[in-house]
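Colleague: I am attaching a structure below and will ask some questions about it afterwards.
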Amino acid sequence: MSKPIVAIVGRPNVGKSTLFNALAGEMISIVKDTPGVTRDRIYADVEWLNHNFTLIDTGGIEPDSRDIILSQMREQAQIAIDTADVIIFITDVRQGLVDSDTKVADMLRRSHKPVILAVNKVDNFDKFMPDVYEFYNLGIGDPQPISASSRLGIGDLLDRVVEHFDGLELEEEEDERPRIAVVGKPNVGKSSLVNKLTGNNRVIVSNIAGTTRDAIDTEITWNGKEYVFIDTAGLRRKKKIKEEIERYSIIRTVTAVERANVVVVMIDATEGITEQDAKIAGIAHENGKGVIIAVNKWDAIEKNDKTIYQFTAKIRDVLAYMPYAEIMFISAQTGQRLPKLFDMIDTVLENQSMRVGTGVLNEIMTEAVALQQPPSDKGKRLKLYYITQVAVKPPTFVIFVNDKELMHFSYTRYIENKIRESFGFKGTPLRFIIRERK
Ligand code: GDP
Ligand code: GDP
C-alpha cells in the first residue's frame, strides 16, 4: 500500500526537529536500520490510530542572514506542496506571528493542500492560549496548540492530520499497472531512460487517479503490457547549496519509492558507486520494495574483460545489505540491455508477490537446522518450531521459536539463504518476524 506523505514546514527555531523527533521517536512503527548507511533523519515512518504515514522534515540549513530565511522557507514550502499529502505548518507562540509566516501561509493556502497549523511552545495552555488566537489571522484554519518538547497536544495534532487520509490510502491500489520508480542522484540518466523508453510518444500522466500529489508519471507500454514510471527527476530547481540539493533529492526519492512496486536504482558508470548511491538504494531496501541496480552510461567507459567483474564486486561491497538485488549494465542513450531491464522488472514483480506453501517452508527449515545447529547461550539452545509466510510485497515470514533472544541475526540470515537457494526471490528483500511459542 502506498503511504501518505506528511511534511513539516516552518521557520528556523520554531521546533520542527523537536516535533519530528517526538513523532518519529515514540510512534515509529518499524525501526529501520540499514547497516552501512549513515542517515540523517529526513524521513520517518509514523503510526497513529492504525494509520501509517511517512513524515518528512523539509527544513535543512539555518541561514544567518534574515533575507534568505524567507526564500528558504518558500523553497521548503514548495517541496512540501510538491510531495506531501498533508502539510504541518509550524509556528512559535513565543515569537508570535511574524511576516514570513504570513507569506508562507499565503503560499500554502493557494496550493489547496490540506494544511494543519500548529502553534508550538505552548508549554502551559492556561498561560499561552490567549496568544494562540492571533494565529487565526493566517487564514489557514484553526491553530492547534502544541508543545513539541513537552509532548502536549501531539495526539490532537495527529488526529487532525489523519483525518485528511480518507481515500488516499487506497487510491493507487485500484490502479493495477505496475509502478516503477527510477531513482538515483542528479545526472545519472533518469530522464534519459524514461525518454528512451517512450520514444516520441511520451504520455505524461499527471496527478494520476486523482492523487493530491504533484506526481509526474509516465505511462510506458512494453510488449503489450502497461507500466507507470514514476519520475524523480521532474522538478528541477536552481539550487546553490549542495546539502539542499541532496535533501531535496532524498525527499523526492522517498516519496517515489513509497508509491512504487519496483525501484530501479541508477548508478553512473563513469563515476562508480558513491555514498549517495548507497543512501538512495537504502531507501528502497528499507521500504521492502523490489530493487534492480542499473549501472548506466555503460557505453561511455573503457572496458576490458574484467570491468564487469570489478564493478559488480565494488557494488556488492558498498550495498552489502542488499545481496538480493540484481545488477544490470545499461545505456539509456544507446538502449543497450533495456529489453533485459523489462524482463528483470517482470521477474522482480513476480517475486515480490510469490507465496511459498507452509509444508515446503518447514521442510527447508528442518533440513537447514539439521545441517547447521542453531546457536545456544548459557546452556539453552535455540529451537525453531515452525515457519509460515504471512504476507507478500515484500514476502514476509513468521518463525516460531523457543526464545527470541537466541535467534541471532546471522541465523535468520542463514535460514533466509536456504529459502533463497530453493526459490530465488531475486530482486526482493524478505522480512522475518520471530515469535516465541512457549
Ligand atoms: P527547528 O529549527 O524548527 O528545527 O527548531 P528546533 O526543533 O531545533 O527547536 C528550536 C528550539 O526551540 C530548541 O532550543 C528547542 O529546544 C526549543 N523548543 C522546541 N519545541 C519547544 C516547545 O514545545 N517548548 C519550548 N519551550 N521550547 C521548544
Ligand atoms: P537525470 O538528472 O538523472 O535525469 O539525468 P539525465 O537523463 O538528464 O542525464 C544527464 C546527462 O547524462 C545527460 O547529458 C545525458 O545525455 C547523459 N546520459 C544519460 N544516459 C546516458 C548514457 O547511457 N550514456 C551516456 N554516454 N550519457 C548518458
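Colleague: Among the residues of the stretch 411-425 satisfying the criterion of being β-branched (V, I, T) and out of contact with any Phe, Trp or Tyr (no Cβ under 6 Å at 6 or more places or on another chain), which is farthest from F400 (Cα to Cα)?
Modeller: Selected residue: I419.
Colleague: Here's another thing I want to ask about it. Could you please find all residues in the stretch 286-314 being in contact with a Ser or Thr (Cβ under 6 Å, 6 or more places away or on another chain) and more than 12 Å from ligand 2 (Cβ to nearest atom)?
Modeller: E286, G290
Colleague: Condition first: basic (K, R), away from ligand 1 (no atom under 16 Å from the Cβ) and surrounded by 13 or more Cβ atoms within 10 Å (Cβ to Cβ). Now tell me which residues in the stretch 88-134 satisfy that. Quick ask: steps written out before the conclusion?
Modeller: Start the filter on the stretch 88-134 by keeping residues that are basic (K, R), which leaves 94, 103, 109-110, 113, 121, 127.
Next cut, away from ligand 1 (no atom under 16 Å from the Cβ) only: 103, 109-110, 113.
K103, R109, K113 - these are the residues of the stretch 88-134 that are basic (K, R), away from ligand 1 (no atom under 16 Å from the Cβ) and surrounded by 13 or more Cβ atoms within 10 Å (Cβ to Cβ).
Listed here are the residues, each with its yes/no results for (1) in contact with a Gly (Cβ under 8 Å, 6 or more places away or on another chain); (2) closer than 17 Å to V263 by Cα.
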{"position": "D299", "(1), (2)": "no, no"}
{"position": "E302", "(1), (2)": "no, no"}
{"position": "T307", "(1), (2)": "no, no"}
{"position": "Q310", "(1), (2)": "no, no"}
{"position": "Y321", "(1), (2)": "yes, yes"}
{"position": "A325", "(1), (2)": "yes, yes"}
{"position": "M328", "(1), (2)": "no, yes"}
{"position": "A332", "(1), (2)": "yes, yes"}
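Colleague: Another question, if that's okay. So A269 ticks every box in (1) of a type in the set (G, A, S); (2) away from ligand 2 (no atom under 12 Å from the Cβ); (3) more than 22 Å from the chain's Cα centre (by Cα); (4) surrounded by 19 or more Cβ atoms within 10 Å (Cβ to Cβ) but one. Which box is left unticked?
Modeller: Every listed condition holds for A269 apart from (2).
Colleague: Where residues in the stretch 300-359 are among the polar types (S, T, N, Q) and part of a loop (DSSP other than H, G, I, E, B), which of them is nearest to F397 (Cα to Cα)?
Modeller: Out of the qualifying residues, it is S353.
Colleague: Let me ask something else about it. Within the stretch 397-419, track down each residue that is farther than 14 Å from R381 by Cα and among the β-branched types (V, I, T).
Modeller: V398, I399, T412, I415, I419
Colleague: What single numbered condition from (1) under 30 Å from A391 (Cα atoms); (2) free of Cβ contacts under 8 Å to residues at least 12 places away in the same chain; (3) not β-branched (V, I, T) fails to hold for K289?
Modeller: In the conditions (1) under 30 Å from A391 (Cα atoms); (2) free of Cβ contacts under 8 Å to residues at least 12 places away in the same chain; (3) not β-branched (V, I, T), K289 misses (2) alone.
Colleague: Further question: Taking D346, is it out of contact with any Phe, Trp or Tyr (no Cβ under 7 Å at 6 or more places or on another chain), farther than 18 Å from L430 by Cβ and surrounded by 15 or more Cβ atoms within 10 Å (Cβ to Cβ)?
Modeller: Criteria met by D346.
Residues are listed down the side, and each one gets a yes or a no for (1) over 29 Å from A260 (Cβ atoms); (2) in contact with a helix residue (DSSP H, G or I) (Cβ under 7 Å, 6 or more places away or on another chain):
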| residue | (1), (2) |
| --- | --- |
| D106 | yes, no |
| I116 | no, yes |
| F128 | yes, no |
| Y136 | yes, no |
| I154 | yes, yes |
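Colleague: Out of all the residues in the stretch 396-425, which are in contact with a strand residue (DSSP E or B) (Cβ under 6 Å, 6 or more places away or on another chain) and either closer than 16 Å to Y324 by Cβ or loosely packed, with under 15 Cβ neighbours inside 10 Å (or both)?
Modeller: Once the filter is applied, which keeps residues that are in contact with a strand residue (DSSP E or B) (Cβ under 6 Å, 6 or more places away or on another chain) and either closer than 16 Å to Y324 by Cβ or loosely packed, with under 15 Cβ neighbours inside 10 Å (or both), the stretch 396-425 yields T396, F397, K404, T412.
Colleague: Can you name every residue in the stretch 64-104 that is more than 22 Å from the chain's Cα centre (by Cα), among the acidic types (D, E) and under 21 Å from D156 (Cα atoms)?
Modeller: Once the filter is applied, which keeps residues that are more than 22 Å from the chain's Cα centre (by Cα), among the acidic types (D, E) and under 21 Å from D156 (Cα atoms), the stretch 64-104 yields only D92.
Colleague: Can you name the number of the only condition in (1) outside any helix (DSSP H, G or I); (2) under 30 Å from Y414 (Cβ atoms); (3) under 19 Å from the mean Cα position of the chain (by Cα) that V295 fails?
Modeller: For V295, the exception is condition (3).
Colleague: Sticking with this structure for a sec: Tell me, which residue of the stretch 286-300 that is closer than 26 Å to Q336 by Cα and surrounded by fewer than 22 Cβ atoms within 10 Å (Cβ to Cβ) is farthest from ligand 1 (Cβ to nearest atom)?
Modeller: The qualifying residue farthest from ligand 1 (Cβ to nearest atom) is D299.
Colleague: For the structure I just gave you, tell me whether K279 is under 16 Å from the mean Cα position of the chain (by Cα) and not hydrophobic (A, V, I, L, M, F, W, C).
Modeller: It is true that K279 is under 16 Å from the mean Cα position of the chain (by Cα) and not hydrophobic (A, V, I, L, M, F, W, C).
Colleague: Okay, moving on. Can you pull out every residue in the stretch 48-61 that is modelled with pLDDT of 55 or more and loosely packed, with under 14 Cβ neighbours inside 10 Å?
Modeller: L49, N50, listed by residue number.
Colleague: All but one of (1) closer than 25 Å to G335 by Cβ; (2) at pLDDT below 95; (3) out of contact with any helix residue (DSSP H, G or I) (no Cβ under 9 Å at 6 or more places or on another chain) hold for H285; state the number of the condition that does not hold.
Modeller: Of everything listed in (1) closer than 25 Å to G335 by Cβ; (2) at pLDDT below 95; (3) out of contact with any helix residue (DSSP H, G or I) (no Cβ under 9 Å at 6 or more places or on another chain), H285 misses just condition (1).
Colleague: Name, by its number, the condition in (1) part of a helix (DSSP H, G or I); (2) out of contact with any strand residue (DSSP E or B) (no Cβ under 6 Å at 6 or more places or on another chain) that does not hold for P429.
Modeller: (1)
Colleague: Can you tell me which residues in the stretch 367-383 are free of Cβ contacts under 8 Å to residues at least 24 places away in the same chain and surrounded by 12 or more Cβ atoms within 10 Å (Cβ to Cβ)?
Modeller: V369, K383
Colleague: Restricting attention to the stretch 301-325, which residues are surrounded by 16 or more Cβ atoms within 10 Å (Cβ to Cβ) and closer than 23 Å to G189 by Cβ?
Modeller: Answer for the stretch 301-325, where residues must be surrounded by 16 or more Cβ atoms within 10 Å (Cβ to Cβ) and closer than 23 Å to G189 by Cβ: F311, I315, V318, L319, M322, A325.
The values are calculated or read from the model by the stated rules, or taken from the named source; none is laboratory data. This one's a predicted model, so the numbers in the text were calculated from it and none came from an experiment. Reconstructed Cβ throughout: ideal geometry from the backbone, glycine too, with neighbour counts over all protein chains shown.
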